[in-house]
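*Asks:* Got a structure here, written out as structure tokens. Questions coming.
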Amino acid sequence: MANEERPKTLAEAEAPAPLVDRKEVSDWSFYRAIIAEFMATLLFLYISLTTLVGTIRVGAGSVGLIETAWAFGGMIFILVYCIAGISGGHINPAVTFGLFVAKKVTITRALAYIVAQCLGAMCGAAIARGVQGSEEFHTYGQGAVNGVKPGHSIGQALAAELMGTFVLLFTVLSATDPTRMARDSHVPVLAPLPIGFAVFVVHLATIPITGTGINPARSLGAAVANPLHGNWAQHWIFWVGPLAGAAAAAVYHTYVLKAGSIKFRSLYE
């Protein structure tokens, strides 16, 4: 068919995205990708917050670390698997920002994705609140709001968010590397699996410090759904930390690891 997209060659996949691509905004696939990001982030917030609030309720106030980490990591694995071929499966403004820094997406697509992700997160959190019931969600849902946990400083929380997002974005860039994707294309779960597992292990490490943000849309959705306990004074941590971590991972992967591998290959080609 005339409108069917041709698979990219390895050279095309490795080519940096332009800052602005006016052609993409006239293509339906651009808007389809935005819708996919909105819906995926909505589903992510609904499942993860419902699980978290339920875990707190059943545990009489204590958060089940493993259960929560599995809910977040497992849902990311499922959603990335479902929409990776449509939008790339970002589901996270920090991931989108990191891929923009790595020149994988245009600024137009990055901004559109981030808006869609934030709106989807707020809608997903609102649905979770509606399903749980406002009173119960406020009683137990405070644990879903990110904040600096007792015994930790703002600096420690910021560092934890930065490092956690660095791990996530580094995994995303490694798992979706065009050379690896071309080699492993016959096993479609090989990209979503390590990404979901990265979310899982980062939650294990970071929940005791911040409740684990590493996703500004997730933090925003939970805060908006808890207007009385949104912890807005510390909300900036869950934007600055993840965005800085994503940018650092993008620079490291693109300009250190990838640049080195290109030079190494050229010596033997």
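The values are calculated or read from the model by the stated rules, or taken from the named source; none is laboratory data. Everything numeric here is computed off the predicted structure, so don't read it as measured data. Methodologically, a virtual Cβ is constructed for each residue, glycine included, from the backbone with ideal geometry; neighbour enumeration extends over all protein chains shown.
*Asks:* Can you find even one residue in the stretch 236-246 that is in contact (Cβ under 8 Å) with a residue 12 or more places away in the chain and over 23 Å from Val115 (Cβ atoms)?
*Replies:* No, every residue in the stretch 236-246 fails to be in contact (Cβ under 8 Å) with a residue 12 or more places away in the chain and over 23 Å from Val115 (Cβ atoms).
*Asks:* Hey, another quick one. Could you give me the residue pairs with C-beta distances under 8 Å whose first residue belongs to the stretch 149-178 and is modelled with pLDDT of 95 or more and surrounded by fewer than 19 Cβ atoms within 10 Å (Cβ to Cβ), whose second residue is not small (Gly, Ala, Ser) and not in a helix (DSSP H, G or I) wherever it lies, and which are 6+ apart or on separate chains?
*Replies:* Every condition considered, the pairs that remain are Ile154/Val148; Gln156/Val148.
*Asks:* Being surrounded by fewer than 21 Cβ atoms within 10 Å (Cβ to Cβ), among the acidic types (Asp, Glu) and closer than 25 Å to Val201 by Cβ narrows it down to one of Glu37, Glu67, so name that one.
*Replies:* So the residue among Glu37, Glu67 that is surrounded by fewer than 21 Cβ atoms within 10 Å (Cβ to Cβ), among the acidic types (Asp, Glu) and closer than 25 Å to Val201 by Cβ is Glu67.
*Asks:* Please count how many residues of the stretch 14-29 are farther than 16 Å from Val115 by Cβ, in a helix (DSSP H, G or I) and at pLDDT 80 or above.
*Replies:* 3
*Asks:* Turning to a different aspect of this structure: Out of Ala102, Ala121, Ala126, report the one residue that is in contact with a Leu (Cβ under 8 Å, 6 or more places away or on another chain), within 11 Å of Ala225 (Cβ to Cβ) and either buried (at least 20 other Cβ atoms within 10 Å of the Cβ) or small (Gly, Ala, Ser) (or both).
*Replies:* It is Ala121.
*Asks:* So, in the stretch 75-134, exactly how many residues are within 30 Å of Val58 (Cα to Cα) and of a type in the set (A, V, I, L, M)?
*Replies:* Residues that pass the stated criteria total 14.
*Asks:* Have a look at Ile76, Ile107, Ile83 and point out the one that is in contact (Cβ under 8 Å) with a residue 40 or more places away in the chain, under 20 Å from the mean Cα position of the chain (by Cα) and under 20 Å from Val167 (Cα atoms).
*Replies:* Within the list Ile76, Ile107, Ile83, the selection yields Ile76.
*Asks:* Right, another one. From the list Ala223, Ala250, exactly one residue is assigned to a helix (DSSP H, G or I) and at pLDDT 95 or above. Which is it?
*Replies:* Ala250
*Asks:* Here's a follow-up. In this structure, is Arg32 in a loop (DSSP other than H, G, I, E, B), out of contact with any Gly (no Cβ under 9 Å at 6 or more places or on another chain) and of a type in the set (D, E, K, R)?
*Replies:* So Arg32 does not fit the description; no.
*Asks:* Identify the residue in the stretch 78-104 that is of a type in the set (Gly, Ala, Ser) and assigned to a helix (DSSP H, G or I) and, among all such residues, is nearest to Gly221 (Cα to Cα).
*Replies:* Ala94
*Asks:* Turning to a different aspect of this structure: Would a scan of the stretch 185-192 turn up a residue that is part of a helix (DSSP H, G or I), over 22 Å from Val256 (Cβ atoms), modelled with pLDDT of 90 or more and of a type outside the set (Asp, Glu)?
*Replies:* yes
*Asks:* Can you find a residue in the stretch 65-77 that is among the acidic types (Asp, Glu) and either more than 26 Å from Ile195 (Cβ to Cβ) or in a loop (DSSP other than H, G, I, E, B) (or both)?
*Replies:* No, there is no match, as no residue in the stretch 65-77 is among the acidic types (Asp, Glu) and either more than 26 Å from Ile195 (Cβ to Cβ) or in a loop (DSSP other than H, G, I, E, B) (or both).
*Asks:* Kindly list the number of the only condition in (1) in contact with a Gly (Cβ under 6 Å, 6 or more places away or on another chain); (2) polar (S, T, N, Q); (3) within 29 Å of Thr254 (Cα to Cα) that fails for Asn146.
*Replies:* (3)
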